[in-house]
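Readers should treat all values here as calculations from the given coordinates under stated rules, not as data from a laboratory. Bear in mind that the values here come from a model prediction, so they are computed numbers and not experimental data. All Cβ positions, glycine included, derive from the backbone under ideal geometry; neighbour counts span all protein chains shown.
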Amino acid sequence: MNKFVVIDFETTGLSPNLGDRATEVAAVIVDGDRITDSFQSLMNAGVAIPSYIQQLTGISNAMLREAPSCQKVMQALADFVGDMPFVAHNASFDTKFLDAEWYRIQYKRRQPFACSMLVSRRIYPHAPDHKLGTLVRHLKLPTTGEYHRALADAKMTASLIIKIQNDLQEKYKLASVPHEMLCILQKSPKDAIANTIMKTKIKLGL
DNA sequence: TGCCAGGCCCTCTTTAGGGCCTT
């Protein structure tokens, strides 16, 4: 079974180390080439959202006043994802916010992250750029037309990673593209992608 | 006082600097 969770956070800024907090989280389960379940919630950390981020995401301070606490949402997220490995676009960003929010409820992440941005840079080197929205348009993937909301972005990332898996399966005659291969591929030298894939194919018995 | 992310990647590099990407 090759299941993983695509996760996306909306936040008050770029760095939990500088006091920024999550305002919304979404997670979608990808099983094979389809989304089988999803989780989404706004979350109230009791901090104000800067106006330029309210404009970017459409998430207002008034919306968060009605939202459940971060503690409740993060516990529910932990229950939803279980031990499934993660995928995110620019995963270093979502990793640091997930770890920071889970740390607040004394919960420690055990599963690895794969990054759809790092993999995309290797698989689609000639894309105009590797922003999520650009890749979705470039590859003609389905969208809801909504951007910078957690569930919409998580679904787009899921579509992107399914496209990557399908393209790799077709090009390199792979039976599947497991999460472990994505983790290896995102660290591969750019001029050695084919070699990395063939070595990993043998190692994982694909 | 003033400033403040950070990991990855490229190159006019490696004793460094700057762009990308996320909100």
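Assuming R0 = 25 Å, can you tell me the calculated FRET efficiency for the pair residue A:141 and residue A:31, based on Cβ-Cβ distance, to the nearest 0.05?
E between residue A:141 and residue A:31, to the nearest 0.05, is 0.85.
When chain A is treated as a GNM, springs tying every alpha-carbon pair under 10 Å, which of A:80, A:113, A:97 comes out with the largest mean-square fluctuation?
Maximum fluctuation in the GNM of chain A, among the listed residues, is at A:80.
Only counting other Cβ atoms within 10 Å, I'd like A:155, A:163 sorted with the fewest neighbours first.
The most exposed by this proxy come first: A:163, A:155.
For the range A:9-102, which GluC sites (Glu not before Pro) pass both filters: DSSP loop (anything but H, G, I, E, B) and at most 11 other C-beta atoms within 10 Å?
Those that pass, being in a loop and sparsely packed, are A:66.
Beyond a 22 Å Cα-Cα separation, which of these cross-linked pairs lie in this structure: A:72/A:108; A:96/A:171; A:108/A:201; A:163/A:190; A:131/A:173; A:140/A:163?
A:96/A:171; A:108/A:201; A:131/A:173
So how much slack lies between residue A:38 and residue A:190, counting 0.36 nm per residue of separation and subtracting their Cα-Cα distance, in nm?
The residue A:38-residue A:190 span can extend by a further 51.4 nm.
Per DSSP H run of at least 4 residues, take -39500 (n - 2.57); add these up for chain A, divide by its residues and hand me the 222 nm value, nearest 500 deg cm²/dmol.
Roughly -13500 deg cm²/dmol at 222 nm, from the helical runs in chain A.
Quick check: residue separation of residue A:134 and residue A:2 times 0.36 nm, minus the Cα distance between them. What number comes out in nm?
The residue A:134-residue A:2 span can extend by a further 44.8 nm.
Residue by residue, what Karplus-based ³J(HN,Hα) values in Hz, rounded to whole numbers, does the range A:7-14 have, using 6.51, -1.76 and 1.60 with θ = phi - 60° and x for Gly and Pro?
My calculation for the range A:7-14 gives 10, 8, 10, 9, 9, 8, x, 9 Hz in order.
Positive end of the charge dipole of chain A (Lys, Arg +1 and Asp, Glu -1 on Cβ, about the Cα centre): tell me which of A:13, A:142, A:73 has its Cα farthest that way.
Of the options given, the answer is A:142.
Amide H of residue A:44: which non-local residues (sequence gap of 5 or more, or other chain) have their own amide H closer than 5 Å, using H built in the peptide plane?
The list, which skips near neighbours in sequence, is A:69, A:70.
Collect residues whose amide H, placed 1.01 Å from N in the peptide plane, falls under 5 Å from the amide H of residue A:2; neighbours closer than 5 in sequence don't count.
Counting only residues 5 or more places away or on other chains, the set is A:32.
Can you give the charge dipole size of the range A:163-206 about its Cα centre, rounded to the nearest 20 debye, using +1 on the beta carbon of Lys and Arg and -1 on the beta carbon of Asp and Glu?
Roughly 80 debye for the range A:163-206.
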